[in-house]
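Chemist: I'd like to ask some things about the structure below.
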Amino acid sequence: MKKHRLAVYASHSAIQILLGAQEEGLPTTLFGPSDALRLYARFPSINSRIIEYKGPECLNVLKNEGHILIPSGSIVEYVGYDAIKKSGIPYFGLSELIKWESEWDLKIRLLESAGIPIPKTFKDPSSINTTVIVKLPGAKGGKGFFITDDPLIIKEKLAELLAMGKINSVDEVCIQEYLIGVTMYAHYFQSPMFDRLEITGFDIRYETNVDGLKRLPSLFAKNISPSFTVCGNIPVYPRERLLETFIQYGERFVEATRKLIPPGIIGPFSLECVINEELEPIVFEFSGRIVAGTNIYLLGSPYLKLYWGVDMSVGRRIAKEIKIAEETNRLEEIVT
Amino acid sequence: MKKHRLAVYASHSAIQILLGAQEEGLPTTLFGPSDALRLYARFPSINSRIIEYKGPECLNVLKNEGHILIPSGSIVEYVGYDAIKKSGIPYFGLSELIKWESEWDLKIRLLESAGIPIPKTFKDPSSINTTVIVKLPGAKGGKGFFITDDPLIIKEKLAELLAMGKINSVDEVCIQEYLIGVTMYAHYFQSPMFDRLEITGFDIRYETNVDGLKRLPSLFAKNISPSFTVCGNIPVYPRERLLETFIQYGERFVEATRKLIPPGIIGPFSLECVINEELEPIVFEFSGRIVAGTNIYLLGSPYLKLYWGVDMSVGRRIAKEIKIAEETNRLEEIVT
Amino acid sequence: MKKHRLAVYASHSAIQILLGAQEEGLPTTLFGPSDALRLYARFPSINSRIIEYKGPECLNVLKNEGHILIPSGSIVEYVGYDAIKKSGIPYFGLSELIKWESEWDLKIRLLESAGIPIPKTFKDPSSINTTVIVKLPGAKGGKGFFITDDPLIIKEKLAELLAMGKINSVDEVCIQEYLIGVTMYAHYFQSPMFDRLEITGFDIRYETNVDGLKRLPSLFAKNISPSFTVCGNIPVYPRERLLETFIQYGERFVEATRKLIPPGIIGPFSLECVINEELEPIVFEFSGRIVAGTNIYLLGSPYLKLYWGVDMSVGRRIAKEIKIAEETNRLEEIVT
């Protein structure tokens, strides 16, 4: 049987996916704009074929060569859902989930269906009665988000975004209760091969400028608005009693995707939480693919070791799922 | 010689203790309420016998089967010192220390005897002349602690707690100088088998909501009281010159326990510090057993490697001490 | 051919250097004041010869015995550049860089030559038009730095420092724009043996009291000045897209040292950055030797694994470079 090659976009979490595939013996092709490829050529441990991405026709070539596409947030942003679907390249995971993630209404509907605690959202700025965070569309790492408790500020900002053409409708913006507590991002892997959900780790996002502002005395910080652009991830280990809660949230989320977007989510995803004073995680967002927070486990996640007995990155976990699916002729269960 | 089995309560740091015992070849029994057991059954790497804890008589059964109890903060909270002592199950560590930890007066007396820097404490709210943190009794992870510089607020709060029956006496509450600096939690292992103190690691506690509040502009945060409920731990590596200071603090603490609570502390413990501007750690509290902060080393502590040459969790270190004690017929030196 | 022995000063990052040398099969001598040596004798995994440092003549002895000196921030501070040069002991790295680091003017000139983004600096306190951080001379881990936007406060403070003899001239102090964003410290290794720059990791400094103050409600924190004394390091993993930016900054920095201080930097160094809202790292300082932030990788840096395929600390990387230089008779390319 012919082995598939994994197609990996040159950004986001490509290093761990390439190395993980190598560990599992699967060949890879890295593709991306030429200036993004330089990085990967620097590392002697990475033995991947590398090609330049010059446009959507590249996906057709990759498809014809027998690739499976491993998605990441970057590929959604830079290549786009339509180009991926049009090419017909096998997509590891539930490709339709991309659409659910790109619209706040669908995103929140999915979380609500899962029956897990989520923050209040407000359709009408006038109805806000608490401090809120206003979130713009797109997976651009928190850029442009802002905090306020003033309906007028929101209305002005929405008008401005409309005028600048940054949004087409106010529905593209999400006005969400600002949760009081600490952030924690839980990473998962839903395995069709083993019919189980594996918890793969946790991180805290390191966001500029908000995580720097807090070091500045309030006297100097007061006129600077916090911004939420993710620039890195910090390891965190939740209390052991929280693990079961996180796993159950994940299972409910998987179940909700099965009902609303059959056959349901496949592979890595993340639930993005604030843990409140009562030690209850509240899920304010999700990511339907591998998150950059898993990069903290380049040398292996201790949580994946609980399932596999060896050090394993999420990148390697992806490769392992594909390898087993190939070996057992079950590839159709993990690509869409 | 019959090998003992380790009895591990299903919470807190059970994963590393179970895995560590497996690595050392010691059999384990995990016990806990049925809803806490689910988590551990999820992980194929954990090969422990698992039984439900239905009440204190469970400890008698464990004892009769030849178990040694490995304590954690959770067992103290959910099973309790009296039930443990009544059962007569061999307890790894210095069980009497539990009593010293449960009362602020004893706790502070022990730290004072160690001759290590500690913050001022105030018996009488009227006498406070600085910002203080008011700490409630019990090992509930910082829940209910509050910061103030106003004696009236403390008096009101104490009256309220008494009225609600949450405390029986104001002596159960500790009014401690709020130290200016950064927190760092040092983990230790006192080994009777090698007659030495090993430093096993360091963490920073991740506390809700206080570590989240700092991301909120003071304009919105000002009416929200910080809370200190621990929800996870973050790795930190102190400057190398601080290591000797931390080790000496640990040795003095061990010495104090030998004098006040012979034969003195056995196995893992923690000194909870704030490091001030002069790079001096001030110890504001201790834990007389394994702390959850050691969970950051599921794959092995780099500090334990300095003693053992291999990656080793604190859970495995516990198992190793017991194994050596069994093999050399010195078990009575490590259980009480 | 006679193997050289590595001379390592007992502080800062000595543990990883000693262990790394052992892994590469190079003998070591640890030297330092007697009270600093105790720590290293505690760890059975460290098999180094240990001698007391009683004064500069110790360097002559080390030289005559065939040692190569492995510098760290501590040796610069406690032994000093002049004593090192006078002894003539082979110095791993570019010793002349020490002078460039000790003077703000030279330091900034080097960064400017590299053509990487840096913050504004102000010669004249009167000219400041933004919030600034005022930095005192020396590598004392941020001690004495302060933030202000008031020229008068700076003038008063400078006068006070002059009067106390803590500085000899206002030129010893750096008045730097306070950058809004988050800190990230990038670690590098410039290898003459492979003629390449390796990125070895990233950390966030954990500074007292500034990283603790942010946990204190502004009501209580407002009268306390933040201080910036480094007491530890926290792991952070930047977004993958930032890696190439960091590497290019490093390459430009190496190039600038080649032009201004031939033959240019050798071995480990660090660029100390703030990442702003536009995800652009701004370099506010550098360290021309191994930084303590690399201590987070005692068990091995995942970034070095990308080059070497095995877990490797920066200490081991140093030993590897020396070993290869010895084996190929190219030692003169890495010592100055």
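Chemist: Go through segment B:158-217 and count every residue that is of a type in the set (Ser, Thr, Tyr) and more than 30 Å from residue C:210 (Cα to Cα). Write out each step before concluding.
Modeler: Applying the first criterion (of a type in the set (Ser, Thr, Tyr)) to segment B:158-217 yields B:169, B:178, B:183, B:185, B:188, B:191, B:200, B:206, B:208.
Those left that are additionally more than 30 Å from residue C:210 (Cα to Cα): B:169, B:191.
Here the count works out to 2.
Chemist: If you don't mind, there's one more thing I want to ask. Among the residues of segment A:287-336, write down those that are over 29 Å from residue B:18 (Cα atoms) and in a loop (DSSP other than H, G, I, E, B).
Modeler: If the condition is that a residue be over 29 Å from residue B:18 (Cα atoms) and in a loop (DSSP other than H, G, I, E, B), then A:288, A:289, A:291, A:328, A:329, A:330, A:334, A:336 are the ones that fit.
Chemist: Check off (1) polar (S, T, N, Q); (2) farther than 30 Å from residue A:302 by Cβ; (3) in the same structural domain as residue A:248 (by TED's automatic domain parsing) for residue A:148 and give me the number that stays unchecked.
Modeler: The single condition residue A:148 does not satisfy is (3).
Chemist: Same structure again: If we keep just the residues of segment B:50-61 that are of a type in the set (D, E, K, R) and within 25 Å of the chain's Cα centre (by Cα), which is farthest from residue A:308 (Cα to Cα)?
Modeler: B:54
Chemist: Right, something else. Within segment C:246-265, which residues are closer than 25 Å to residue A:39 by Cα and in contact with an Asp or Glu (Cβ under 8 Å, 6 or more places away or on another chain)?
Modeler: C:264 - this is the single residue of segment C:246-265 that is closer than 25 Å to residue A:39 by Cα and in contact with an Asp or Glu (Cβ under 8 Å, 6 or more places away or on another chain).
Chemist: Kindly indicate whether residue B:194 is within 12 Å of chain C (Cβ to nearest Cβ), outside any strand (DSSP E or B) and over 25 Å from residue B:132 (Cβ atoms). Please lay out each step first, then the result.
Modeler: Working: within 12 Å of chain C (Cβ to nearest Cβ): yes; outside any strand (DSSP E or B): yes; over 25 Å from residue B:132 (Cβ atoms): yes.
In short, yes.
Chemist: Contact list please: Cβ distance under 6 Å, first residue in segment A:9-25 and farther than 17 Å from residue A:324 by Cβ and away from every other protein chain (no Cβ under 11 Å), second residue part of a loop (DSSP other than H, G, I, E, B) and among the basic types (Lys, Arg), pairs at least six apart or on different chains.
Modeler: Going by the 6 Å Cβ cut-off, there are no qualifying pairs.
Chemist: Here's a follow-up. Could you check segment C:284-306 and list, in sequence order, the residues that are surrounded by fewer than 24 Cβ atoms within 10 Å (Cβ to Cβ) and in contact with a helix residue (DSSP H, G or I) (Cβ under 6 Å, 6 or more places away or on another chain)?
Modeler: Result: C:298, C:299.
Yes/no per residue for (1) touching a Leu at 6+ places or on another chain (Cβ under 7 Å); (2) at pLDDT 95 or above:
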{"residue": "B:192", "(1), (2)": "no, yes"}
{"residue": "B:201", "(1), (2)": "no, yes"}
{"residue": "B:218", "(1), (2)": "no, no"}
{"residue": "B:231", "(1), (2)": "yes, yes"}
{"residue": "B:235", "(1), (2)": "no, yes"}
{"residue": "B:240", "(1), (2)": "no, yes"}
{"residue": "B:243", "(1), (2)": "yes, yes"}
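Each row is one residue, and each column tells you yes or no for (1) of a type in the set (Gly, Ala, Ser); (2) out of contact with any strand residue (DSSP E or B) (no Cβ under 7 Å at 6 or more places or on another chain); (3) under 25 Å from residue B:119 (Cα atoms).
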site: B:240; (1), (2), (3): no, yes, yes
site: B:244; (1), (2), (3): no, yes, yes
site: B:268; (1), (2), (3): no, no, yes
site: B:286; (1), (2), (3): no, no, yes
site: B:295; (1), (2), (3): no, no, no
site: B:331; (1), (2), (3): no, yes, no
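Chemist: Which members of segment C:33-58 meet the condition of being touching a Lys or Arg at 6+ places or on another chain (Cβ under 8 Å) and hydrophobic (A, V, I, L, M, F, W, C)?
Modeler: Correct list: C:36 only.
Chemist: Only residues that are away from chain A (no Cβ under 14 Å) and assigned to a helix (DSSP H, G or I): list them for segment B:40-62, please.
Modeler: B:57, B:58, B:59, B:60, B:61, B:62
Chemist: Quick test for you: out of B:318, B:322, pick the one residue that is out of contact with any His (no Cβ under 6 Å at 6 or more places or on another chain), in contact (Cβ under 8 Å) with a residue 40 or more places away in the chain and more than 27 Å from residue C:295 (Cβ to Cβ).
Modeler: On the way: B:318 fails: more than 27 Å from residue C:295 (Cβ to Cβ).
On inspection, the qualifying residue turns out to be B:322.
Chemist: On to the next question. If I ask for residues that are modelled with pLDDT under 80 and not small (Gly, Ala, Ser), which ones from segment C:132-155 would you list?
Modeler: Matches in segment C:132-155: C:137, C:140, C:143.
Chemist: Under the condition of being touching a residue at least 60 places away in the same chain (Cβ under 8 Å) and either more than 9 Å from chain B (Cβ to nearest Cβ) or assigned to a loop (DSSP other than H, G, I, E, B) (or both), which residue from segment C:205-236 is surrounded by the fewest Cβ atoms within 10 Å (Cβ to Cβ)?
Modeler: C:225
Okay, residues lined up against (1) surrounded by 14 or more Cβ atoms within 10 Å (Cβ to Cβ); (2) outside the structural domain of residue C:169 (by TED's automatic domain parsing); (3) basic (Lys, Arg); (4) modelled with pLDDT of 95 or more:
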| residue | (1), (2), (3), (4) |
| --- | --- |
| C:49 | no, yes, yes, yes |
| C:62 | yes, yes, no, yes |
| C:75 | yes, yes, no, no |
| C:80 | no, yes, no, no |
| C:104 | yes, yes, no, no |
| C:111 | yes, yes, no, yes |
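Chemist: Against the definition (touching a Ser or Thr at 6+ places or on another chain (Cβ under 8 Å) and either assigned by TED's automatic domain parsing to the domain that holds residue B:13 or under 18 Å from residue B:267 (Cα atoms) (or both)), how does residue B:66 come out, yes or no?
Modeler: Details: touching a Ser or Thr at 6+ places or on another chain (Cβ under 8 Å): no; either assigned by TED's automatic domain parsing to the domain that holds residue B:13 or under 18 Å from residue B:267 (Cα atoms) (or both): yes.
Criteria not met by residue B:66.
Chemist: Oh, and also: Scan segment A:237-248 and tell me whether some residue there is more than 30 Å from residue B:14 (Cα to Cα) and either more than 14 Å from chain C (Cβ to nearest Cβ) or free of Cβ contacts under 8 Å to residues at least 24 places away in the same chain (or both).
Modeler: Initial filter on segment A:237-248 (more than 30 Å from residue B:14 (Cα to Cα)): none.
Among the residues of segment A:237-248, not one is more than 30 Å from residue B:14 (Cα to Cα) and either more than 14 Å from chain C (Cβ to nearest Cβ) or free of Cβ contacts under 8 Å to residues at least 24 places away in the same chain (or both), which makes the answer no.
Chemist: Considering only residues of segment C:255-283 that are within 14 Å of chain A (Cβ to nearest Cβ) and under 25 Å from residue A:40 (Cβ atoms), which is surrounded by the most Cβ atoms within 10 Å (Cβ to Cβ)?
Modeler: Just the residues of segment C:255-283 that are within 14 Å of chain A (Cβ to nearest Cβ), to begin with: C:272-282.
Narrowing further to those that are under 25 Å from residue A:40 (Cβ atoms): C:273, C:275, C:278-281.
Values: C:273: 30, C:275: 27, C:278: 10, C:279: 18, C:280: 15, C:281: 25.
Per the criteria, the residue is C:273.
Chemist: Can you list the helices (runs of 4 or more DSSP H) lying wholly within segment A:68-144 that have 1 or more residues being in contact (Cβ under 8 Å) with a residue 60 or more places away in the chain? Can you show your working first?
Modeler: Numbers: elements: A:73-78, A:81-87, A:97-102, A:104-114.
Ranges flagged: A:73-78, A:97-102, A:104-114.
Chemist: If I filter segment C:145-190 down to residues being among the polar types (S, T, N, Q) and buried (at least 19 other Cβ atoms within 10 Å of the Cβ), which single residue comes out as nearest to the other protein chains (Cβ to nearest Cβ)?
Modeler: So the first thing to find is which residues in segment C:145-190 are among the polar types (S, T, N, Q), and the list is C:148, C:168-169, C:176, C:183, C:190.
Those still in the list that are buried (at least 19 other Cβ atoms within 10 Å of the Cβ) too: C:148, C:176, C:183, C:190.
Details: C:148: 8, C:176: 14, C:183: 7, C:190: 14 Å.
Looking at the filtered set, the residue picked out is C:183.
Chemist: Now, a different point. Among the residues of segment C:163-188, write down those that are under 20 Å from the mean Cα position of the chain (by Cα), assigned to a strand (DSSP E or B) and not aliphatic (A, V, I, L, M).
Modeler: Across segment C:163-188, the qualifying residues are C:174, C:176, C:183, C:185, C:187, C:188.
Chemist: With respect to residue A:309, determine if the residue is at pLDDT 95 or above, within 13 Å of chain B (Cβ to nearest Cβ) and surrounded by fewer than 18 Cβ atoms within 10 Å (Cβ to Cβ).
Modeler: Values: at pLDDT 95 or above: yes; within 13 Å of chain B (Cβ to nearest Cβ): yes; surrounded by fewer than 18 Cβ atoms within 10 Å (Cβ to Cβ): yes.
Yes: the conditions hold for residue A:309.
Chemist: Restricting attention to segment B:261-286, which residues are assigned to a loop (DSSP other than H, G, I, E, B) and either in contact (Cβ under 8 Å) with a residue 12 or more places away in the chain or assigned by TED's automatic domain parsing to the domain that holds residue B:24 (or both)? First the steps, then the outcome.
Modeler: At the first step, the residues of segment B:261-286 found to be assigned to a loop (DSSP other than H, G, I, E, B) are B:261-266, B:276-280.
Within segment B:261-286, B:261, B:263, B:264, B:265, B:266, B:276, B:277, B:279, B:280 qualify.
Chemist: Against the definition (outside any helix (DSSP H, G or I) and closer than 30 Å to residue B:209 by Cα), how does residue A:251 come out, yes or no?
Modeler: Values: outside any helix (DSSP H, G or I): no; closer than 30 Å to residue B:209 by Cα: yes.
Criteria not met by residue A:251.
Chemist: Those residues that are within 15 Å of residue A:79 (Cα to Cα) and assigned to a helix (DSSP H, G or I), I need them from segment A:15-39; list them, please.
Modeler: Here is the first cut: in segment A:15-39, the residues within 15 Å of residue A:79 (Cα to Cα) are A:30-34, A:36.
A:34, A:36, listed by residue number.
The values are calculated or read from the model by the stated rules, or taken from the named source; none is laboratory data. Remember, it's a predicted structure, so these values are computed and weren't measured experimentally. FYI the Cβ positions are ideal-geometry reconstructions off the backbone, even for glycines, and counts take in every protein chain you see.
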